[in-house]
């Protein structure tokens, strides 16, 4: 049964991620136009496309950091964004830096501890962030979104700098979030070990116009 | 909302005091006050007459020192974006920054002014007037710093531009603040309070608008 926004009752689609005719303009350039997709709870979507095509902009737009040029987004509750920046204070220990966000989200200390053990970085909890390697930073980012209670996870290249076993570990965390009724939209060049129900391929607009 | 605000303020204040950045304006302030008697000579009457004004100018210059630490680091490491994703507004974040910056800037500056006025030979009423005028003005100086830091965030040479922006905006504070030292009626302090309230009131909106515009 395909669930378009018009064919389902309103209360049923409130927990869907819906992009309805989204267009995005950055500077003078239109990045994408009239983008439509729906992700139901428990579903994951993969964003692909060449560099600079607007994958990060789409994620930032859904996160509410950019205004859409046209169209609208329906978000299933709160959102967690994982992009290339840490958003963790460099000179503080991992646990302290994470617990700042936990406090802001009204989460408990246990949530932070659980996130640390799920991401396999419990042993680093006393280490200041500035000593972290690339892979450890990715895991810390993952712990940061894990400890929120956000339904929708927006991931921008989450597997960059991770080794094979770390990618598997991340796959387990992502799968658990999906099983829990969460939604994931990820932009990644590295294959992620979860099943994607939806694949959105963004193409440069000039190319699109010439082929039509 | 209140819980988010206090979490934000606590993080910023803790960071300012822990990084030692809070004491930089204090040391600068004391250095300026120490240099002045060397420059004009140890004439007690002259120091008494001009000392208050010099301490006021030093306070304005000390405002410039923390500009690059106020907004830019949070934009660079994504903290600001994460706060926006959580539904906080730019104005709310700017309000938190104003309060936390004042907590890290105002009390140490007043303490430094107290020490420095000893070097100028200020005592009794002139000393208390100076401290009262600085106490009234420090929220406005903190507000100006947050506004300018938000406006110049991401620009090259933000520091120099910050100085140029501060000078015209701080003139009313300087006129009424330094003026209160020679004013017996107390009305200069009232005007200073009015200017200070105005600057504090527009800071969250001006800084918030600058942050929002910078995100596009």
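Tabulated results
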| quantity | calculated |
| --- | --- |
| Index of the failed condition, residue B:88 passing every other in (1) at pLDDT 90 or above; (2) within 14 Å of chain A (Cβ to nearest Cβ); (3) in a helix (DSSP H, G or I) | (3) |
| Matching residues, the stretch A:106-142, being out of contact with any helix residue (DSSP H, G or I) (no Cβ under 8 Å at 6 or more places or on another chain) and within 19 Å of residue A:155 (Cβ to Cβ) | A:134, A:141 |
| Complete set of residues in the stretch A:136-175 that are in contact (Cβ under 8 Å) with a residue 24 or more places away in the chain, surrounded by fewer than 15 Cβ atoms within 10 Å (Cβ to Cβ) and in a helix (DSSP H, G or I) | A:168 |
| Given (1) away from chain B (no Cβ under 14 Å); (2) in contact with a strand residue (DSSP E or B) (Cβ under 9 Å, 6 or more places away or on another chain); (3) in a loop (DSSP other than H, G, I, E, B), index of the condition residue A:51 fails | (2) |
| Helices (runs of 4 or more DSSP H) wholly inside the stretch B:44-84 that include at least 2 residues being within 14 Å of another protein chain (Cβ to nearest Cβ) | B:72-76 |
| Residues of the stretch A:54-81 satisfying the condition of being within 14 Å of chain B (Cβ to nearest Cβ), in contact (Cβ under 8 Å) with a residue 60 or more places away in the chain and either buried (at least 20 other Cβ atoms within 10 Å of the Cβ) or assigned to a helix (DSSP H, G or I) (or both) | A:56, A:59, A:62, A:63, A:79, A:80, A:81 |
| Residue within the stretch B:114-136 that is more than 28 Å from residue B:35 (Cβ to Cβ), in contact (Cβ under 8 Å) with a residue 40 or more places away in the chain and either surrounded by fewer than 18 Cβ atoms within 10 Å (Cβ to Cβ) or away from every other protein chain (no Cβ under 14 Å) (or both) present | no |
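Residues are listed down the side, and each one gets a yes or a no for (1) in a loop (DSSP other than H, G, I, E, B); (2) more than 14 Å from chain B (Cβ to nearest Cβ); (3) crowded, with 19+ Cβ neighbours inside 10 Å:
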{"site": "A:41", "(1), (2), (3)": "yes, yes, no"}
{"site": "A:84", "(1), (2), (3)": "yes, no, no"}
{"site": "A:101", "(1), (2), (3)": "no, no, yes"}
{"site": "A:106", "(1), (2), (3)": "yes, no, no"}
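The values are calculated or read from the model by the stated rules, or taken from the named source; none is laboratory data. Predicted model, so just to flag it, every value in this text is computed and none were measured. Ideal geometry is used to build each Cβ from the backbone, glycine not excepted, and the neighbour counts take in all protein chains shown.
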